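Written below as structure tokens is the structure these notes are about.
The values are calculated or read from the model by the stated rules, or taken from the named source; none is laboratory data. Everything quoted here is computed from the prediction, not taken from an experiment. Cβ sites come from the backbone with ideal geometry, for glycine too, and all protein chains shown count toward neighbours. Accessible surface areas use protein heavy atoms only, side chains included; no ligands, DNA or RNA. Shrake-Rupley method; radii C 1.70, N 1.55, O 1.52, S 1.80 Å.
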Amino acid sequence: MSRLDKLVETVEIYQALATENYDRIRGLAEQIRGGLCDYIGMGEIPCVYLVPPKGQFEPKAYGDAAFSMPPRGFRTLSPVAFGLAVRLSRGNDWLRLTMQCRKVGETFKVSIEDGSEYEFKLPLSFESQLPFYDHIYSHILNWFTDQIERYKNGEYGSRVIGFDFADDTSQQDV
């Protein structure tokens with residue numbers, strides 16, 4: 001076997017694993033999106049979208065663009081980030097929560113922007129994810145509660161937690 005053949009063979013294995021990694025993380029992200037929306041319980045109103053982890057965003061489904069890695073082409077074996085746009089009101093107020101997923105053995109670790117990590121084993125069920133949904137919901141609620149208290153005490157104005165907000169005025173009376 002030539003050096004080139006050995007390199008090509010090794011890169012093919014690498015790319016197959018990168019594809020597996022991406023596909024698993026994307027599936028996990030889709031399950032988190034749908035499960036979190038069910039957990040929040042806004043009925044027929046869309047309440048969670050997958051959005052890009054960085055940059056400007058609107059509360060809509062971004063498909064492939066919601067992930068830090070492309071779905072095709074040469075990909076690296078590395079963690080994949082995505083954003084969750086979460087509805088904050090019955091109107092059109094949203095925030096983005098960024099997450100990063102990586103495989104460790106036979107589990108996936110999801111890091112939330114505050115540094116908390118959760119482990120998931122596949123296949124996932126809604127019930128197995130409830131503690132994770134509790135954490136996300138509490139994380140968001142606690143941030144607003146903390147900001148209210150800071151305001152009452154005259155110590156407000158910081159957005160250090162890293163939430164990005166959006167107000168989608170294109171969808172009136174949803």
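Just a few scattered comments:
- Exposed chymotrypsin sites (Phe, Trp or Tyr not before Pro) absent - longest run of the chain, DSSP non-H/G/I/E/B, at most 13 other C-beta within 10 Å: 75-155
- Cross-link pairs exceeding 29 Å in C-alpha to C-alpha distance, out of LYS54/LYS121; LYS6/LYS121; LYS54/LYS109, comprise LYS6/LYS121.
- Length-normalised contact order for segment 48-108 - Cα pairs under 8 Å, 6+ apart - percent: 31
- Phi to ³J(HN,Hα) by Karplus 6.51 cos²θ - 1.76 cosθ + 1.60 over segment 20-33, Hz, x for Gly, Pro: 4, 4, 4, 4, 5, 5, 5, x, 4, 4, 5, 5, 4, 4
- Residue of GLY55, GLY91, GLY35 that the Gaussian network model of the chain assigns the largest fluctuation, springs spanning Cα pairs under 10 Å: GLY55
- Dividing the helix sum by the residues of the chain, where each DSSP H run of 4 or more adds -39500 (n - 2.57), gives a mean residue ellipticity at 222 nm of -13500 deg cm²/dmol.
- Helix axis angle, 126-152 relative to the chain longest principal axis, alpha carbon, degrees: 40
- About its Cα centre, segment 26-98 has a charge dipole of approximately 240 debye under the convention of +1 per Lys or Arg Cβ and -1 per Asp or Glu Cβ, with nothing else charged.
- Based on C-alpha pairs under 8 angstrom that are at least 6 apart in sequence, the chain has a relative contact order of 20 percent.
- Per-atom-type breakdown for segment 1-160 gives carbon and sulfur 53% of the accessible area (1.4 Å probe, protein chains only).
- Gyration tensor verdict on segment 40-86 (Cα atoms; rounded if a/c is under 1.5, prolate if a/b is larger than b/c, oblate otherwise): prolate
- Selection among PRO131, TYR156, THR107 by position relative to the dipole of the chain gives THR107 as farthest towards the positive end (Cβ unit charges, Cα centre).
- Charge dipole of the chain about the Cα centre (unit charges at C-beta), most positive-ward option of ALA61, SER89, PHE74: PHE74
- Multiplying the residue separation of THR10 and GLU119 by 0.36 nm and removing their Cα-Cα distance gives an extension gain of 36.3 nm.
- Point-to-point label distance, ASP146-ARG90, nm (Cα→Cβ direction, 7 Å offset): 2.9
- Inter-label distance, nm, simple model (7 Å from Cα along the C-beta direction), THR76/LYS54: 1.1
- Here is the list for segment 1-99: trypsin sites (Lys or Arg not before Pro) lying in DSSP coil, each with at most 13 other C-beta atoms within 10 angstrom of its C-beta, are LYS54, ARG72, ARG90.
- Accessible area (Å², per residue) of the chain, counting only protein heavy atoms and a probe of 1.4 Å: 58
- Total charge dipole magnitude, segment 1-155, about the Cα centre, Cβ charges on Lys, Arg, Asp, Glu only, Debye to nearest 20: 380
- HN-Hα J in Hz across segment 101-110 - Karplus 6.51, -1.76, 1.60, θ = phi - 60°, x for Gly and Pro: 10, 8, 8, 10, x, 9, 10, 10, 9, 10
- In nm, spacing of pseudo-spin labels at ASN153 and ARG3 (7 Å Cα→C-beta vector): 6.4
- Loop GluC sites (Glu not before Pro), segment 1-86 (other Cβ atoms within 10 Å of the site Cβ: 14 or fewer; DSSP): GLU44
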